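First up is the structure itself, then whatever we jot down about it.
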Amino acid sequence: VILNRESASWDWSKIIRADYTDILYCRLALEARQSWRTEPLYREFYHETGLIWVDQTGFSEKVVTNYANLGVEEKLRMVPVETLRKIEGGLFESADFGTNDMVYVNDCSGWVEAYKALERITESAATAGVQLVESNISRLTFDANGNCTGAQSTDGESFLAQNIILATGAETARLLVESAPSHLKLHAGNRLRAAGLITGVVRLDSEEAIRHRAAPAFLHAEGQAKGILGFIFYCNSLIEYRSNYSA
Ligand SMILES: Cc1cc2nc3c(=O)[nH]c(=O)nc-3n(C[C@H](O)[C@H](O)[C@H](O)COP(=O)(O)OP(=O)(O)OC[C@H]3O[C@@H](n4cnc5c(N)ncnc54)[C@H](O)[C@@H]3O)c2cc1C
């Protein structure tokens with residue numbers, strides 16, 4: 001199976017939430033979550049353990065309005081910080097809740113064992129007859145009318161197709177500029193913005209792991225150290241702790 005661990009999609013765990021202030025994201029994420037819940041191919045990797053969200057920018061109000069406008073019933077709660085400090089054997093006891101007295105919790109959000117889902121989907125596509133070719137693309141190719149005809153790899157091989165979907169994540173802007181320097185309309189321009197995330201993993205001992213098995217994910221969206229605390233099943237029994245900090 002071809003899986004690039006440098007891709008954003010490859011990860012030990014990813015938060016799955018429809019809690020977005022942009023209603024378009026919210027709607028799309030609700031559809032995605034439904035697939036995580038029901039799709040036999042990967043639903044076993046999804047864990048709906050809830051999500052705690054620390055924020056003081058009016059996030060929760062906007063999210064609640066979005067759900068109301070979409071006619072969706074979520075298990076949303078505003079929970080006193082003092083209560084959250086006591087759950088999970090005190091896991092969040094010394095967490096930075098800022099000046100919040102109450103914090104937004106959505107029990108319908110959760111997390112997924114991302115790399116396992118990615119592996120399963122890739123294997124299933126190959127079994128269904130999709131041809132997987134591992135190759136580094138140096139540039140896209142175009143016909144005389146400026147229509148994209150395919151891509152050329154760094155070792156000179158050409159891949160031609162009638163329809164081309166570019167799914168190159170953070171590399172997309174560079175690839176477009178380098179492939180068509182004078183075709184300004186094709187460039188990502190301000191449509192994409194680069195961001196950096198630092199990920200750290202702490203291994204828990206088996207007792208801690210079992211204790212926090214069903215802990216909610218924790219998303220810290222205010223203050224200097226913004227971050228996410230998520231969990232990872234390791235060797236089917238242990239759980240590790242992952243934290244992302246955005247720069
Ligand atoms: C550390 C981190 C944590 C995140 N956590 C979450 C989370 O908890 N929940 C959530 O919903 N989202 C999260 N995100 C965001 C989410 O991971 C991304 O939005 C999503 O994975 C992007 O998917 P993609 O397919 O567009 O890009 P990618 O997964 O990056 O896929 C792009 C692929 O294109 C390949 N590629 C690029 N250039 C070339 C080339 N020239 N030739 C050949 N191949 C090429 C790359 O190798 C890669 O495999 C996180 C992102 C990061 C970085």
*Could you list, in sequence order, the residues of the stretch 143-185 that are away from the ligand (no atom under 11 Å from the Cβ), of a type outside the set (Asp, Glu) and in contact with a strand residue (DSSP E or B) (Cβ under 6 Å, 6 or more places away or on another chain)?*
Cys148, Thr149, Gly150, Ser158, Leu160, Ala161, Ile164
_Could you check the stretch 29-53 and list, in sequence order, the residues that are more than 13 Å from the chain's Cα centre (by Cα), in a helix (DSSP H, G or I) and not small (Gly, Ala, Ser)?_
Leu30, Glu31, Gln34, Arg37, Thr38, Arg43, Glu44, Phe45
*Here are some residues: Asn100, Asn66, Asn106. Which one is over 25 Å from the mean Cα position of the chain (by Cα), surrounded by 15 or more Cβ atoms within 10 Å (Cβ to Cβ) and not β-branched (Val, Ile, Thr)?*
Asn100
*Those residues of the stretch 129-142 which are under 30 Å from the mean Cα position of the chain (by Cα) and either within 14 Å of the ligand (Cβ to nearest atom) or of a type outside the set (Gly, Ala, Ser) (or both), in sequence order*: Val130, Gln131, Leu132, Val133, Glu134, Ser135, Asn136, Ile137, Ser138, Arg139, Leu140
*asked:* Considering only the stretch 153-162, I want to know if a residue exists there that is under 29 Å from Ser35 (Cβ atoms), without any contact (Cβ under 8 Å) to a residue 40 or more places away in the chain and loosely packed, with under 10 Cβ neighbours inside 10 Å.
replied: yes
*Which of (1) in contact with a helix residue (DSSP H, G or I) (Cβ under 7 Å, 6 or more places away or on another chain); (2) of a type outside the set (Phe, Trp, Tyr); (3) closer than 17 Å to His220 by Cβ is the odd one out, the single condition Gly58 does not satisfy?*
(1)
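Quick note: the coordinates plus some simple rules give every number you see, no bench work behind them. In this text the structure is predicted, and so the values were computed from the model without any measurement. Using ideal geometry, Cβ is built from the backbone for each residue, glycine included, and neighbour counts are taken over all protein chains shown.
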